[in-house]
Amino acid sequence: MKVVLMGSRGHVTKPLTNILVAKGVDTTVITRSKENAKLIEKDGAKAVIGSNFDKKFMLDSFMGADFVFILLPVNIFVADTLQQLKDQCSIACDAILEAGVPNVIYFSGIGSDNPDLGFHYDAENIVEEKLGSLNSITIVRAAAFFTNLLNHVNTIKSNGVIYSNTQRDQVETYVHADDIAQVCVDIIMNPSLDKKITIVSVESDSANASQIEQLFKDNLGLDVKWVSVSDEDALQSLTNAGVAEANSKAFINLFSEKYHKDIVDGVNAHRNIVGVHRLPEFLKTEFASVYNQ
């Protein structure tokens, strides 16, 4: 079996690469970086260096593949990131068709049923429209990453606060990248052939604000206060930080009380997989490592 992965050595592609290589799968990873290419080869995979916007490069990379994992970068500081996402997705899909790849995973995020939420609504539609003739298409929608909590290290250190437009009684789902990688491996090794398009959501743990506060106290000995801010204030904070307004809205909406039911309904409408990782262990290990630097 030959598998081609997009996403270089990112949070999801790196553990996915490691698991596939350990299983003896012929694994190729697309990257733009010569330095990352060396590390990918060191991990035991083959690296190919090029651009997601280069259709010939993508076609050459996909030739002979049994499975392609599409992971497209989202840079919220780039004003036209949504258009770039669509362009890259379209190029990848065309290359997949020309290369005769039979199976695809598209990495997405929860809430992508709604064009106002996140960044993958249009790209998912492109995948479904262009690749409908394939043996299998699986859209893997991830919850908020555990590592999002690292964005609050500075405010926790300075005044013991997490600021978020997630309201206190709102239960949010979180996911560890290793759990996403394992779900993708399971799909690759056992693709669903009973239906053309499968949508699965992946989470690892869930918590509301009070529970997050208690987790910080129990596992790190930190008194942390979750302070809920309005969507408008959160939007202003992001735009002040240089994030394009359209990107800010798409990101803020993912955590807004206004759209929370839509997200939950979207998750419940499809298969939902709960991984093995939990927030306490993440806080005691990965979070603590960054916090204590």
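Exactly one condition in (1) crowded, with 20+ Cβ neighbours inside 10 Å; (2) at pLDDT below 95; (3) under 26 Å from ASP218 (Cβ atoms) is false for LEU283; which is it?
It fails just one condition, (2).
Looking at GLY7 and the list (1) under 21 Å from SER108 (Cα atoms); (2) of a type outside the set (Lys, Arg); (3) in contact with an Asp or Glu (Cβ under 9 Å, 6 or more places away or on another chain), which single condition is not satisfied?
(3) is the only condition that GLY7 fails.
Of all residues in the stretch 29-66, count the ones that are assigned to a loop (DSSP other than H, G, I, E, B) and touching a Phe, Trp or Tyr at 6+ places or on another chain (Cβ under 8 Å).
Pass one, the stretch 29-66, residues assigned to a loop (DSSP other than H, G, I, E, B): 32-33, 43-45, 50-54, 63-66.
In the following step, the residues that additionally are touching a Phe, Trp or Tyr at 6+ places or on another chain (Cβ under 8 Å) were identified as 50-51.
Final tally of qualifying residues: 2.
In the stretch 1-28, which residue that is in a loop (DSSP other than H, G, I, E, B) and among the β-branched types (Val, Ile, Thr) is farthest from VAL183 (Cα to Cα)?
Once the filter is applied, the top-ranked residue is VAL25.
I need a count of the residues in the stretch 103-137 that are in contact (Cβ under 8 Å) with a residue 40 or more places away in the chain and assigned to a helix (DSSP H, G or I). Walk me through how you get there before you give the answer.
To start, the set of residues in the stretch 103-137 that are in contact (Cβ under 8 Å) with a residue 40 or more places away in the chain comprises 103, 105, 107, 109-114, 116-119, 122-123, 126-128, 130, 132, 134-137.
This time we only want the ones that are assigned to a helix (DSSP H, G or I), so: 122-123, 126-128, 130.
The total comes to 6.
Are any of the residues in the stretch 162-184 of a type outside the set (Gly, Ala, Ser), at pLDDT below 95 and surrounded by fewer than 17 Cβ atoms within 10 Å (Cβ to Cβ)?
no
Tell me, which helices (runs of 4 or more DSSP H) lie completely within the stretch 138-249 with 1 or more residues that are farther than 28 Å from GLN84 by Cα, of a type in the set (Ser, Thr, Tyr) and in contact (Cβ under 8 Å) with a residue 24 or more places away in the chain?
In the stretch 138-249, 209-220 are the helices (runs of 4 or more DSSP H) which contain 1 or more residues that are farther than 28 Å from GLN84 by Cα, of a type in the set (Ser, Thr, Tyr) and in contact (Cβ under 8 Å) with a residue 24 or more places away in the chain.
Do we find a residue being at pLDDT 95 or above, exposed (fewer than 13 other Cβ atoms within 10 Å of the Cβ) and closer than 19 Å to PHE145 by Cα anywhere in the stretch 191-207?
No - not one qualifying residue is present in the stretch 191-207.
To keep it simple, each residue is scored yes or no on (1) within 20 Å of HIS176 (Cβ to Cβ); (2) among the basic types (Lys, Arg).
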| site | (1), (2) |
| --- | --- |
| LYS225 | no, yes |
| THR239 | no, no |
| VAL243 | no, no |
| SER248 | no, no |
| ILE252 | no, no |
| ASN268 | no, no |
| LEU279 | yes, no |
| ALA288 | yes, no |
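Under 8 Å by Cβ, and 6 or more places apart or on different chains, what pairs join a residue from the stretch 61-77 that is closer than 18 Å to ILE187 by Cβ and hydrophobic (A, V, I, L, M, F, W, C) with one that is surrounded by fewer than 23 Cβ atoms within 10 Å (Cβ to Cβ) and at pLDDT below 95?
PHE67/PRO191
Give the residue that is surrounded by the fewest Cβ atoms within 10 Å (Cβ to Cβ), with candidates limited to residues of the stretch 245-280 that are within 22 Å of LEU150 (Cα to Cα) and aliphatic (A, V, I, L, M).
Among them, the one singled out is VAL276.
Select, from ASP80, ASP26, the only residue that is of a type in the set (D, E, K, R) and either over 29 Å from ALA246 (Cβ atoms) or modelled with pLDDT of 95 or more (or both).
None of the others qualify; the one that does is ASP26.
Which of the residues spanning the stretch 212-224 are of a type outside the set (A, V, I, L, M) and either within 14 Å of ARG278 (Cβ to Cβ) or within 27 Å of the chain's Cα centre (by Cα) (or both)?
GLU213, GLN214, PHE216, ASP218, ASN219
Quick check on this structure: which one of ILE76, ILE91 is farther than 17 Å from VAL3 by Cβ, part of a helix (DSSP H, G or I) and of a type in the set (Val, Ile, Thr)?
The match here is ILE91.
Can you tell me which residues in the stretch 8-38 are over 20 Å from the mean Cα position of the chain (by Cα) and touching a residue at least 60 places away in the same chain (Cβ under 8 Å)?
The answer is LYS23, VAL25.
Does the stretch 208-229 hold any residues that are surrounded by fewer than 17 Cβ atoms within 10 Å (Cβ to Cβ) and either within 17 Å of HIS270 (Cβ to Cβ) or among the charged types (D, E, K, R) (or both), and which are they?
LYS217, ASP218, ASP223, LYS225
Can you pull out the residues in the stretch 59-103 that are of a type in the set (A, V, I, L, M) and within 30 Å of LYS249 (Cβ to Cβ)?
The answer is ILE70, LEU71, LEU72, VAL74, ILE76, VAL78, ALA79, LEU82, LEU85, ILE91, ALA92.
The values are calculated or read from the model by the stated rules, or taken from the named source; none is laboratory data. These numbers were taken from a predicted model, which means no experiment stands behind them. Heads up, the Cβs are rebuilt from the backbone with ideal geometry, glycines too, and the neighbour counts pull from every protein chain shown.
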